Amino acid sequence: MPTLRQLFLANNAQTTDFPLLLEFERAEGVYMFDKQGRAFIDLISGIGVSNLGHSHPYVINAIKEQLDKYMHLMVYGEYVQTPQVRYAEKLISILPESLQSVYFTNSGAEAVEGALKLAKRFTGRRQIIAFHHSYHGSTHGALSVMGNEEFKQAYRPLLPGVNFIQFNQVADLDQVNDQTACVIVETVQGEAGIQVPDITYMQALRNRCDETGTLLILDEIQAAFGRTGKLFAFEHFGIVPDILLLAKAMGGGMPLGAFIASHHIMSALKENPILGHLTTFGGHPVCCSAGLAALEVLINENLIATVAEKDALFRKLLVHPQIKAIRGKGLMLAVEFESFELNKKIIDRCIENGVITDWFLHCSNAMRIAPPLIITPAQIEQACEVVLEAIQYCC
């Protein structure tokens, strides 16, 4: 009989020739457990998804309750489904007044696709400004606004009219003009190795969009829901987007995304043509139930208040001559080494010793640290001991 690993390699589509092939039986809190019962600390939260850790009981209970009522009923937007209504209501209650209308999707990439369509439809313009080293997903439109040619060149032609500028460079904002439909930008660049912009830059970007009638799309797919120490990352910069993109932690571990705008902007999808954007499973009732439960825990347990001190603890403990820099905001951190080769050796050693981490798509010489927000100081100390031992072993 073939093993599960052999079946995975034989029957499941592969994304590389060298998958990690880690096999876990269950997950709880900040830990994942293999078939032998060995615990691994999850320092990456499934790439920013598991903000409450794994299998949070309040989220699990919400899922079970909704399963007893109904699952899929109809394509998004036609039926009044309680989980969608309640989650949208909660989101609107904690967002700025101009963000009034939630369009639920299945993922972050789908949120990007919907937002790009909305911006072009609302403004009647066709030019899009994106950023070098950005990442917004792998679907065709999202790939078009990715700022890394290596990942794009095999799939051209992509969307026309996309121009790229440098992140955090005020001089480049002159390229935003009265022909620009939207600027799409990660509030904190993720796959570039956690690049945090200056407050003055983000405010200049907001002002330039206002001057030219351009919609500002903030991609907070990785950065929202407390990850940076604020509920939403744009709160650090004193600005509000025209369209906000959410996903990852939004579903409490279930697949869910959204793009959010004003009623005035969002109404552009209702006519000429009607049904201007469609999704079958977006806003799935079980996913919305899980997401709402996760958000309630995040707020009611005041988990965001602990993020800054945990950020500081990681920075205090991770000191070594081989660490070139630690960048980031809150529990969205990048630990930079000399090369990808060294970084990969350290990551592999960490995994061998029970700590899960990885590198960044556009910054392969940096290690990702984005644990569940529930991680304790003792667990941070344990994880950092493993990382430091791995550095010393590999050097």
Using the per-residue mean of other Cβ atoms lying within 10 Å as a proxy for protection, in what order, highest first, do the peptides 332-343, 12-23 fall?
-> 332-343, 12-23
Where labels lie 7 Å past Cα in the beta-carbon direction, separation of residue 80 and residue 280 in nm = 2.7
Between the stretch 220-273 and the stretch 76-94, what is the C-alpha centre distance in whole Å?
-> 14
Residue separation between residue 340 and residue 325 times 0.36 nm, minus their alpha-carbon distance, gives in nm 4.0 nm
Please list 359-370, 26-37, 270-281 highest first by mean number of surrounding beta-carbon atoms within 10 Å per residue.
-> 359-370, 26-37, 270-281
How big is the Rg/Rh ratio for the chain, C-alpha atoms only, Rh by Kirkwood, two decimals?
-> 0.96
Estimated FRET transfer efficiency (residue 393, residue 300; beta-carbon r; R0 56 Å; 0.05) | 0.85
How large is the dipole of the chain about the Cα centre if only Lys and Arg carry +1 and Asp and Glu carry -1, each at its Cβ, rounded to the nearest 20 debye?
-> 360
In degrees rounded to 10, the 0-90 angle between helix 57-67 Cα long axis and the longest Cα principal axis of the chain is 50
Within the accessible area of the stretch 338-395, what % is carbon and sulfur when the probe is 1.4 Å and the other protein chains stay in place?
-> 50
What part of the accessible area of the stretch 8-53, given as a whole %, is carbon or sulfur when the probe is 1.4 angstrom?
-> 53
Stretch gain in nm, segment residue 204-residue 63, where the contour uses 0.36 nm per residue and the Cα spacing is subtracted = 46.5 nm
Quick one: angle between helix 108-123 and the longest Cα principal axis of the chain, in degrees between 0 and 90, rounded to 10, please.
-> 20
Given a 1.4 Å probe, how much area per residue of the chain is accessible, in Å²?
-> 45
Could you tell me what percent of the accessible area of the stretch 186-325 is made up of carbon and sulfur, with a 1.4 Å probe and every protein chain present?
-> 54
Binning at 5 Å from 0, report for the stretch 290-395 what percent of all alpha-carbon pair distances ends up in each bin.
-> 2, 12, 23, 23, 17, 11, 7, 4, 1, 0
Once phi is turned into θ = phi - 60°, what whole-Hz ³J(HN,Hα) does the Karplus curve with 6.51, -1.76 and 1.60 give for every residue of the stretch 251-264, x standing for Gly and Pro?
-> x, x, x, 9, x, 6, x, 6, 10, 10, 8, 6, 4, 4
Computed on Cα atoms only, the convex hull of the stretch 348-395 has an orientation-averaged projected area in nm² of 3.6
Cross-link partners among lysines for residue 324, C-alpha distance below 22 Å, same-chain residues fewer than 8 apart left out?
-> 310, 316, 344, 345
What's the extension gain from residue 72 to residue 22 if we count 0.36 nm per residue and subtract their Cα-Cα distance?
-> 14.8 nm
Of all DSSP beta bridges with both partners in the chain, the antiparallel percent, nearest 5, is 60
Quick one: which residues, 5 or more positions from residue 98 or on another chain, have an amide H under 5 Å from its amide H? H modelled 1.01 Å from N in the peptide plane, none for Pro or chain starts.
-> none
Taking Cα atoms only, helix 307-317 is inclined relative to the longest principal axis of the chain by an angle, in degrees rounded to 10, of 40
In the neighbourhood of residue 380 defined by beta carbon distances under 11 Å, the net charge of the other residues (Lys, Arg +1; Asp, Glu -1) is -1
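The values are calculated or read from the model by the stated rules, or taken from the named source; none is laboratory data. Keep in mind that what you see is a predicted model, and the values were worked out from it rather than measured. Counting neighbours? That spans all protein chains shown, and the Cβs are built from the backbone with ideal geometry, glycine included. Surface accessibility is based on the protein's heavy atoms, side chains included, excluding ligands, DNA and RNA. Shrake-Rupley method; radii C 1.70, N 1.55, O 1.52, S 1.80 Å.
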